[in-house]
1. Is it true that some residue in region 131-147 is modelled with pLDDT of 90 or more, part of a helix (DSSP H, G or I), surrounded by 21 or more Cβ atoms within 10 Å (Cβ to Cβ) and among the aromatic types (Phe, Trp, Tyr)?
2. Being assigned to a helix (DSSP H, G or I), among the aliphatic types (A, V, I, L, M) and touching a Phe, Trp or Tyr at 6+ places or on another chain (Cβ under 8 Å), is that true of even one residue in region 293-302?
3. Confirm whether Ala266 is part of a helix (DSSP H, G or I) and among the aliphatic types (A, V, I, L, M).
4. How many residues does region 104-130 hold that are surrounded by fewer than 18 Cβ atoms within 10 Å (Cβ to Cβ), part of a helix (DSSP H, G or I) and in contact with a Lys or Arg (Cβ under 9 Å, 6 or more places away or on another chain)?
5. Where residues in region 216-262 are surrounded by fewer than 16 Cβ atoms within 10 Å (Cβ to Cβ) and polar (S, T, N, Q), which of them is farthest from Cys153 (Cα to Cα)?
6. Checking Thr80 against (1) over 26 Å from Lys143 (Cβ atoms); (2) modelled with pLDDT of 90 or more; (3) buried (at least 18 other Cβ atoms within 10 Å of the Cβ), which test does it fail?
7. Taking the condition out of contact with any His (no Cβ under 8 Å at 6 or more places or on another chain), surrounded by 11 or more Cβ atoms within 10 Å (Cβ to Cβ) and modelled with pLDDT of 85 or more, does Ser46 pass?
8. Return the residues of region 173-197 that are buried (at least 16 other Cβ atoms within 10 Å of the Cβ), in a helix (DSSP H, G or I) and over 16 Å from the mean Cα position of the chain (by Cα); say none if nothing qualifies.
Amino acid sequence: MNIKAGPLILSAQSTQWLSWLRLVANADQELSRFLKLLESLDINSSEEITRKAISQFIGTAKCPSAPACLRLYFRTLCITALVSDTELEEGYRLLLINLAIEKILSACDGADDRTGDFRLSVKSFLTKSIQLVLDSGCSDNQKVQYLFKWAMCDQCTLIDPTLWWSPMLRTDSSSTFEIAAQLIESLPIIEPTDSQKWKTLDSRWVRMRLKNLLQFSKQDQLLAQLLAKSAIDDTEAAQAVQLLEQLGHGRQALVLAEKWRRILPASNVLGVALVQLYLQDGWDEEALELAKQNYLRNPHAQWLKLLKQSAGNLWKEVAEELNIKTEQDDSKHT
């Protein structure tokens, strides 16, 4: 289908086009903008020209204000109707969806969408786009590549497995995990800190989505790789250590735990994880020394239990050294 939209609209033969006009009629200032988009779209145009037309229609607002969100709401409805046109050639439809998703999702972060209409229209657009891809003649691998790319850009919806992960895994789980592994490989190394700073918000969103996918699909091996490479805080670091130990990578878990413990010496969860690793590997002296340090700094029940476990037969001497009241002390006074 050659989209020179003006003649098609004027012929009034398509109820789809008429419905689009009714949508934009609700916002008079948007009418000419939408008509200009329709007139500029041509299947024979290059991708760059089509990208420019979509970009000009949607706009480039970052952290859009409430009035801007209302305008984006109408524009998203128009784009949804446009890509739903059954007369569109499939390849061109997928191109339009791909270009529109890039622009629309980038506007969601920080949007002052007070009515919620903009985000609802975006979720409707995403749902429609996903279904159009799944119904297309693309290979399963190609479908997953589309969905994976869009999911990593999604800054609109709360993490909803039924929107992204379930369709991807049903379509081709092998391709999904292969792409995930490639993405993990491309991520920069991140060390855990008390306050992680991100170079870009996009990188933060991508990593959060990827982690959620791996947790949802119970891919512990890939999740362990992700966390080992880019644990952002002590909680994720402890989770990485636990997963690596469960997967039989005890030596790597111990090396990482010691490394991260040096970075975050006051971390309770990392301290617990490291003591447990020491005990499992038979490093009783190291476990006892670390348990002593943590108990003295934070004498709560968990560290007392680990201290007893680490001390073993030496518990009485350790208790005396640290001035810990034992059950035997209590029995002397009864």
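1. Yes: one or more hits.
2. So far as region 293-302 goes, no, none of its residues is assigned to a helix (DSSP H, G or I), among the aliphatic types (A, V, I, L, M) and touching a Phe, Trp or Tyr at 6+ places or on another chain (Cβ under 8 Å).
3. Here the answer is no, as Ala266 does not meet what is asked.
4. 1
5. In this case the residue turns out to be Gln246.
6. (1)
7. Working: out of contact with any His (no Cβ under 8 Å at 6 or more places or on another chain): yes; surrounded by 11 or more Cβ atoms within 10 Å (Cβ to Cβ): no; modelled with pLDDT of 85 or more: yes.
Here the answer is no, as Ser46 does not meet what is asked.
8. Ser175, the sole residue that qualifies.
The values are calculated or read from the model by the stated rules, or taken from the named source; none is laboratory data. Computed from a prediction, not measured in an experiment: that's the story for all the values here. Reconstructed Cβ throughout: ideal geometry from the backbone, glycine too, with neighbour counts over all protein chains shown.
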